[in-house]
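The block underneath contains the structure these notes are about, expressed in structure tokens.
The values are calculated or read from the model by the stated rules, or taken from the named source; none is laboratory data. Bear in mind the structure is a predicted one, so any value in this text is a computation, not a measurement. Here the Cβ is made from the backbone with ideal geometry for all residues, glycine too, and neighbour counts use every protein chain on show. Just so you know, the surface numbers come from the protein's heavy atoms only, side chains and all, with ligands and any DNA or RNA stripped out. Shrake-Rupley method; radii C 1.70, N 1.55, O 1.52, S 1.80 Å.
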Amino acid sequence: MTLSRREFLGVAAAAPLALKSSGEQGTLPARTFGRSGVRLPILAFGCGSRFLSYENDDEAIAVLNRAIDLGVTYVDTAHNYGGGKSEERVGRVVKTRRKEVFLATKLDARTADAARRQIELSLKRLNTDRLDVLHVHGLESLDDLAAIEAKGGVLEAVLEARDQKVARLAGITGHADPVAMKAALERHDFDCVQMALNVSRARIEFDDDGARPVSMAEKSYEALALPVATTKNLGVIAMKVFGQDRLQSRAPAGKLLYYALSLPVALASVGMPKPELLDRNVALARAFRPLDESEMKQLRASVAAAQRTALARFFRDHRDA
């Protein structure tokens with residue numbers, strides 16, 4: 001049975017949370033993470049550049065601990081964030097709270113041998129012997145996909161890790177090329193996908209001349225990659241929902257977050273560089289209501305074509321490391 005977007009959101013919001021936290025102020029709304037069947041909170045803690053912006057390790061770790069206390073139990077890091085600093089910080093928390101956390105990391109390697117070395121080091125940094133999600137990190141183009149999926153490519157090591165139960169789920173991430181992401185999801189047996197889904201990227205594609213605005217019916221993540229993920233029942237993680245803070249002049253934070261969560265996604269991974277932003281985002285997630293089609297259309301229209309193009313070009317070269 002295929003659910004409409006509103007039916008999907010209604011079912012998702014009604015179910016109980018699977019991962020338990022200390023619940024300082026209750027739990028967050030939860031959704032099923034694709035075909036895995038795991039129930040996860042709709043808000044994840046992103047540990048990229050925003051997490052690394054905490055200059056003091058102890059402060060960063062305290063914020064992450066508080067996030068878990070508040071029910072933000074999906075923790076999203078990567079092997080290359082801060083040259084390993086992000087994973088090391090997360091590992092200090094995981095060491096005592098592994099059962100409370102749904103732990104995801106990402107590999108920027110493109111060969112299987114390099115990926116195996118990264119997995120070994122990531123596990124050591126994270127103080128664990130298992131991952132909940134292991135992603136191929138940062139799909140950039142069809143040429144990049146060719147390297148990822150080639151014999152001896154990183155995908156080989158990621159699927160091997162899943163087969164060996166080192167990783168529960170295998171995924172891929174990207175914010176630069178919807179066409180390449182669509183191809184990756186169609187060709188391979190991923191369990192989940194993390195991609196840029198926001199009011200600006202809804203209508204942007206890339207060609208040989210760079211970024212350009214397009215209609216919703218043309219090439220975009222929403223039009224191309226998201227339907228494939230939905231059809232294959234993958235766990236979908238929205239990222240860059242605030243456009244690396246470049247969209248908040250166009251709409252309130254709540255509207256931007258709700259736009260992403262009103263799509264058929266399981267959760268949104270958000271960077272929270274200040275403790276007060278954690279509290280704000282948790283409050284927004286707890287109060288979430290899906291936007292209707294007219295609200296989503298209005299939000300998309302609020303971003304001018306020139307700003308869309310500028311933001312798309314920024315993300316084309318952006319490396320959250």
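As a summary of the residue check, V228 satisfies the conditions (1) of a type in the set (A, V, I, L, M, F, W, C); (2) closer than 20 Å to L291 by Cβ; (3) surrounded by fewer than 19 Cβ atoms within 10 Å (Cβ to Cβ); (4) at pLDDT 95 or above except for the one numbered (2). Residue selection: A196 satisfies the criterion of being of a type outside the set (S, T, Y), in contact with a His (Cβ under 6 Å, 6 or more places away or on another chain) and buried (at least 24 other Cβ atoms within 10 Å of the Cβ).
Checking each residue in region 1-34 for being under 28 Å from N80 (Cα atoms) and modelled with pLDDT of 50 or more picks out F33, G34. Among the residues making up region 79-100, those that are of a type in the set (A, V, I, L, M) and touching a Ser or Thr at 6+ places or on another chain (Cβ under 6 Å) are V90, V94.
The rows are residues; the columns are (1) out of contact with any helix residue (DSSP H, G or I) (no Cβ under 8 Å at 6 or more places or on another chain); (2) over 26 Å from S220 (Cβ atoms).
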{"residue": "L142", "(1), (2)": "no, no"}
{"residue": "A146", "(1), (2)": "yes, no"}
{"residue": "A167", "(1), (2)": "no, yes"}
{"residue": "A170", "(1), (2)": "no, no"}
{"residue": "V193", "(1), (2)": "no, no"}
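Collect the residues in region 177-193 that are touching a strand residue (DSSP E or B) at 6+ places or on another chain (Cβ under 7 Å) and open to solvent by 10 Å² or more (accessible area, probe 1.4 Å), keeping them in residue-number order. Across region 177-193, the qualifying residues are D177, D191. Determine, yes or no, whether R212 is within 20 Å of V241 (Cβ to Cβ) and at pLDDT below 95. In short, no.
With respect to D189, is the statement that it is within 21 Å of the chain's Cα centre (by Cα), assigned to a loop (DSSP other than H, G, I, E, B) and either under 22 Å from Q118 (Cβ atoms) or at pLDDT below 85 (or both) true? Against the criterion (within 21 Å of the chain's Cα centre (by Cα), assigned to a loop (DSSP other than H, G, I, E, B) and either under 22 Å from Q118 (Cβ atoms) or at pLDDT below 85 (or both)), D189 qualifies.
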